Amino acid sequence: MKIALIAPEKLPVPGNGSVEICILGIARELALRHQVTIISRQMPGLAITEQIDDITIRRVPATSPTEYTRAVIRFLKIQPFDLIQVDNRPHSMAAIKRAFPSLPVVLYLHSLTFAQPGPARLALLKKANWIAVNSQSLRQRLSRRFPSLKRRMGVVPLGVDLSRFLPAIKGEQQLLRKQFGISGPFSILYVGRLIPGKGVDVLIRAVALLQQQVPVQLIIAGKGPQVYVRKLRQLARKLKVEATFRGQIAHERIDRLYRAVDCLVCPSQEHEAFGLVNVEAMASGLPVIASDNGGIREIIVSGSNGYLVRQYHNPRSFAAYLYKLADNPSLARSLGEAGRASAVEQFSWARTAMHLEAAYTRLIRG
């Protein structure tokens with residue numbers, strides 16, 4: 001098959017966000033058996049055409065979402081494909097489908113953000129030959145918003161590069177701790193955007209409670225609006241929490257940070273469609289404590305391969321689970337090992353690509 005994967009207009013591939021990570025991870029697996037082209041935006045310092053492994057990346061202008069879509073269509077008209085997949089942009093997908101009515105066009109939705117209720121959005125979504133979603137939770141929510149689309153959607157869980165996200169080998173963790181400036185006896189990691197809905201403030205308050213019982217260090221990796229990040233820093237100082245704000249770490253290096261810490265916390269306060277950081281941490285052998293919401297509960301079995309926090313608005317709930325791990329290293333180790341086994345069994349990019357490949361074949365034959 002000749003497959004075109006269309007990245008959102010704001011997100012250059014390769015990139016650090018979950019959507020860009022997913023596109024490249026899926027493309028690498030599909031390219032083992034098919035001819036894959038990723039279409040992405042032009043950026044200073046990036047070539048217009050680039051080969052990564054067996055994937056072709058073609059970058060087109062993106063002065064606006066509309067102009068980006070037009071540039072994508074112009075490229076597609078000179079380069080024949082058997083199937084087109086558009087990630088997270090119903091407007092772009094609908095315009096591409098109108099330009100290529102006889103080609104199968106797939107929309108891969110990663111969240112609810114671009115599927116707000118209303119007849120106009122429904123009309124766009126109906127243009128897709130098939131809609132892939134990353135969790136049962138997202139499918140259920142979209143089905144309630146758009147009942148007529150229920151039979152047109154399929155769940156395709158995301159994955160992780162299992163050859164790169166690995167548990168630390170003997171002696172490696174201490175070396176990585178020095179590199180990242182981690183000195184505390186128990187280190188907690190947050191990875192993701194620094195916005196209110198992600199619950200970093202709840203985590204800081206939880207760590208403030210925990211450090212009354214055990215010494216602890218919090219590492220925060222991610223970026224967000226400066227005003228909000230400043231508030232988080234002020235909160236950490238006020239509560240005397242030893243928090244290190246690392247900023248955004250390039251995805252090609254983030255696996256090393258996972259291997260340097262003792263656990264990952266994902267304290268999301270709003271619906272999380274999937275939560276890619278959880279499977280990356282699990283693949284790295286880390287115990288994970290995460291909010292019991294959305295697609296996260298399809299990844300973590302509480303008490304088996306991590307912990308789900310039901311009262312995730314309450315810092316004390318996170319502090320209680322964190323204390324369990326800090327106080328019992330063998331428990332933390334066993335949860336991490338179970339998390340790694342879950343990632344290997346359920347969350348590889350090969351498995352994600354297999355689901356998509358089967359759907360692509362049905363659509364092309366149909």
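Over 26 Å between C-alpha atoms is what I'm after, so list which of K77/K127; K97/K150; K170/K198; K198/K240; K178/K223; K127/K150 land there.
Checking Cα-Cα distances, K170/K198 exceed 26 Å.
Which aspartates and glutamates, if any, have their Cα less than 14 Å from the Cα of K10, not counting same-chain residues under 8 positions apart?
Cα-Cα hits under 14 Å: E20, E67, D87.
I want to check the label-to-label distance for Q212 and Q140. Put each point 7 Å from Cα in the C-beta direction and report it in nm to one decimal.
Result: 3.5 nm between the two label points.
For segment 145-216 and segment 46-60, compute the distance between their C-alpha centroids and round to whole Å.
Segment 145-216 and segment 46-60 have Cα centres separated by 30 Å.
Could you order the peptides 289-295, 356-362 from most to least packed, using the average number of other C-beta atoms within 10 Å per residue?
By packing density, highest mean first, the sequence is 289-295, 356-362.
Between the helical axis of 200-210 and the dominant principal axis of the chain, each derived from Cα atoms, what acute angle in degrees is found, rounded to the nearest 10?
So the helix axis and the longest Cα principal axis differ by about 20 degrees.
Taking the alpha-carbon centroid of each part, what is the distance from segment 230-284 to segment 327-343 in angstrom?
Taking the Cα centre of segment 327-343 as reference, the centre of segment 230-284 is 18 Å away.
Among (1) 32.0, 103; (2) 21.0, 64; (3) 24.4, 80, which is the computed Rg and Dmax of the Cα atoms in Å?
(2)
Report the residue, chosen from L325, L286, L235, that carries the largest GNM mean-square fluctuation when the chain is represented by alpha-carbon nodes joined by springs under 10 Å.
Fluctuation is largest for L235.
Please enumerate, by chain and number, the aspartates and glutamates with C-alpha under 15 Å from the C-alpha of K2, excluding those fewer than 8 residues away in the same chain.
E29, D54, D82, E357
How far, in degrees from 0 to 90, does helix 136-145 lean away from the longest principal axis of the Cα atoms of the chain, to the nearest 10?
For helix 136-145, the angle is close to 60 degrees.
Helix 65-78 against the longest principal axis of the chain: what's the angle in degrees, Cα atoms only, rounded to the nearest 10?
Around 50 degrees separate the two axes.
Only four residue types carry charge here, +1 at the Cβ of Lys and Arg and -1 at the Cβ of Asp and Glu. Report the dipole size of segment 283-340 about the Cα centre in Debye, rounded to the nearest 20.
The calculated dipole for segment 283-340 is roughly 80 debye.
If packing is taken as the average number of other Cβ atoms within 10 Å across a peptide's residues, how do 38-44, 261-267, 81-87, 334-340 rank, most packed first? Can you show the working numbers first?
Numbers: 38-44: 18.3, 261-267: 25.6, 81-87: 22.7, 334-340: 20.9.
Ranking the peptides 38-44, 261-267, 81-87, 334-340 by packing returns 261-267, 81-87, 334-340, 38-44.
Using the Karplus curve 6.51 cos²θ - 1.76 cosθ + 1.60 with θ = phi - 60°, what ³J(HN,Hα) values do you get for each residue of segment 287-294, in whole Hz, with x for Gly and Pro?
Here the 3J(HN,Hα) series is x, 10, 10, 9, 5, 7, 8, x Hz.
Looking at the chain as a GNM with Cα springs under 10 Å, which of L46, L158, L149 has the largest mean-square fluctuation?
L46
Based solely on its DSSP helices, what 222 nm [θ] is calculated for the chain when runs of n ≥ 4 H residues each add -39,500 (n - 2.57) and the sum is averaged over all residues, nearest 500 deg cm²/dmol?
-12500 deg cm²/dmol
Measure off 7 Å from each Cα along the Cα-to-Cβ vector at Q35 and T361, then give the distance between these two points in nanometres to one decimal.
If labels sit at Q35 and T361, their model points lie 2.0 nm apart.
A short reminder: the numbers here are calculations on the coordinates, not readings from a lab. Here the structure is a predicted model, which means the values were calculated and not measured. Because the Cβ atoms are built from the backbone with ideal geometry, glycine has one as well, and the counts that use them run over all protein chains shown.
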